[in-house]
Structure formats: C-alpha cells, structure tokens
Amino acid sequence: MPSRLLSIEEHPILKGLAEHLVGGAEVVQREVNLESTLVVLPTKRARRLFEHFLLDAAEQQEVLVVPPEISTPGRMIDQFIPPTGQPASLVALELIDRQVWLDLDSSQRQIVEGGNATETGREALIRRIAQLHVDACEAMVDFSSIMEMVPEGVAGGEERRRWEVLLCWQKARTEKLEELGLQCPYAQRVQSIGNGEIAPGLYTRLVLVDGEPTPVRIALLDRLDSLGLTIERVVPAGELPAAIDPIR
C-alpha cells in the first residue's frame, strides 16, 4: 500500500483524525485550509460525525477551517478518473442489462434461469448478474478468467455452461453500449487505471478511512502514489486489514 500509514488509537477514530488534520496543518491568518485534501469515509454517518469533530477541533484551536472534500470509497475513484465518453446512468444500465438478457436465445437463458423461471425471479436474476459485473470490475477480474477457475467434472461442466452464457451477455452488453454511444462507468474505470489515464486534479493529499482495500482501489492508490500524492490510510491500531479476495 503506498505512502504512510496513520494509526489512530484514540476513540472514536474520526475524532482523532479531525484533531490530527487541524492540529498538524499550517495556520495562516488564523485559518486552516484543507481544500487540497480528499478524505474518504465509508458511510454518510461517518461523514457527518467527521464534519462535527472537524468543527469542534477547529474551535478548540481557535481557527477557521476551510473544510476538505469528503467522499465515499465507491465515489472516490470518480475524483481522479474523468469519463472519456458519455457514461451510462444507473437507470440506463438497468434497462440495457434487461434488454440484453432478454435478447439472448431462450435456450441460453434457461441454462442460468432453470426450467421454472418466473418474471419476478428473472428480474432478480438480471440484477444479480449486473451486480456480478460490478463486483468483477471492482476486483479487476474478467468473466472469462473466472470460468477458467471452475473445476472439471459433471458439476464443473454445468457451471462452465452458465459462465459461457454470462460471457455472451457481457459481450452483447458491451456491443449495445457502443451502439448507443454510452460507456459502462465501472468497466471504464478499470480501463483508465490500466492505461494510466488518471489525474490528481487539485488534490495533494488523500486520507482513506476504509478497512477493505479492493484490487481496483489498490491499483488507483498505486497510480496516485506515483504521481506524488500524499496518501494516508487510517486504521485502528494493530494489524493492517487484509486485501479483499477478488473471487470472494
């Protein structure tokens, strides 16, 4: 993991982080300017708590705080990777996912759906497949490589046939997006990171409060570290959290 690790022992962790940012910053004309800092917090509640602690720490130091930009882990990547085309909205992706699945041959769909698929069950299945695509992008794993991990044998053969259908869905989905002039934002992020198409923008410091690093996030942090950003991971004292298993 790039750059240095900031271990906060004081409870709560967000209070310690707020005091660290205010107390360690340069005070200019009774002002602490943190606008070149991006703080990544896991939930909306954490954001609200951190903002409260930040104002409280500033009041104790008797300074005015220009607050940092605050993001969540899922949206952090958008701060550094601008879209190269027209990203599809979530609603558009849902409609495309459904249409592409229904356009597959019925015999292909039956391999995944089973013989007694209901409309409700099919809708839920399409949502699960779409989420599987998102998870695969986050893990930087392609559907085709997952199929190669399926063991041989009768059960493995059935699983391989299912993955072959999912590969057809993924290919048809990509073609449909290209036909409509849209981009899948999740796939585009992975491609941009692989090609090094990222930009730090106005940020010089990144503070990440998140205990579950995913492969795509690790790759982004490595790229940002090579660009000279100061990166701090904030975790409770003790062992570092392990990286997420992509297959899990």
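The values are calculated or read from the model by the stated rules, or taken from the named source; none is laboratory data. Because the structure is a prediction, the values reported are computed rather than measured. Ideal geometry is used to build each Cβ from the backbone, glycine not excepted, and the neighbour counts take in all protein chains shown. In case anyone asks, the SASA skips ligands and DNA or RNA and just uses the protein heavy atoms, side chains included. Shrake-Rupley method; radii C 1.70, N 1.55, O 1.52, S 1.80 Å.
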Task: Translational D in µm²/s for the chain (Stokes-Einstein at 4 °C, 1.567 mPa s, Kirkwood Rh from C-alpha pairs) - done: 63 µm²/s
- [ ] Scan around V40 for amide H atoms under 5 Å from its own, H built in the peptide plane at 1.01 Å from N, and keep only partners 5 or more places away or cross-chain.
- [x] S71, V207, L208, V209
Task: Eligible aspartates and glutamates near K176 by straight Cα distance, threshold 17 Å, same-chain separation 8 or greater - done: E94, D97, D103, D105
- [ ] Distance from a point 7 Å along Cα→Cβ of Q29 to each backbone N in segment 51-87: keep the residues under 19 Å and list them by number.
- [x] 62-68
Open item on the list: As I understand it, the dipole of the chain uses +1 on the Cβ of Lys and Arg and -1 on the Cβ of Asp and Glu, about the Cα centre. Which of S145, V40, G181 lies farthest toward its positive end?
Closed with: G181
TODO: Find the percent of Cα-Cα distances in segment 83-126 that exceed 15 Å, and round it to a whole number.
DONE: 49 percent
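How big, in percent, is the set of alpha carbon pairs in segment 1-147 lying more than 20 Å apart?
65 percent
Roughly to the nearest percent, how much of the accessible area of segment 23-109 is carbon and sulfur, given a 1.4 Å probe? Let's see the in-between values first.
Values: 2530 of 5230 Å².
Reported share for carbon and sulfur atoms: 48 percent.
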TODO: Mean Kyte-Doolittle of at least 1.0 plus a Cα span of 30 Å or more along the axis: flag which DSSP H helices in the chain meet both, please.
DONE: none
Open item on the list: Per residue, how much accessible surface does segment 58-189 expose to a 1.4 Å probe? Answer in Å², no decimals.
Closed with: 58 Å²
TODO: For K15, list the lysines whose Cα falls under 23 Å from its own Cα; do not include residues on the same chain fewer than 8 positions away.
DONE: K44
Open item on the list: Under 5 Å between amide hydrogens, which residues at least 5 positions from Q183 or on another chain qualify, with H placed 1.01 Å from N in the peptide plane?
Closed with: Q86, A88
Open item on the list: I'd like the accessible area for E178: 1.4 Å probe, protein heavy atoms, all chains in place, Å² to the nearest 10.
Closed with: 130 Å²
- [ ] List every residue whose amide H lies under 5 Å from the amide H of V66, counting only residues 5 or more places away in sequence or on a different chain, with H placed 1.01 Å from N in the peptide plane.
- [x] V32, N33, L34
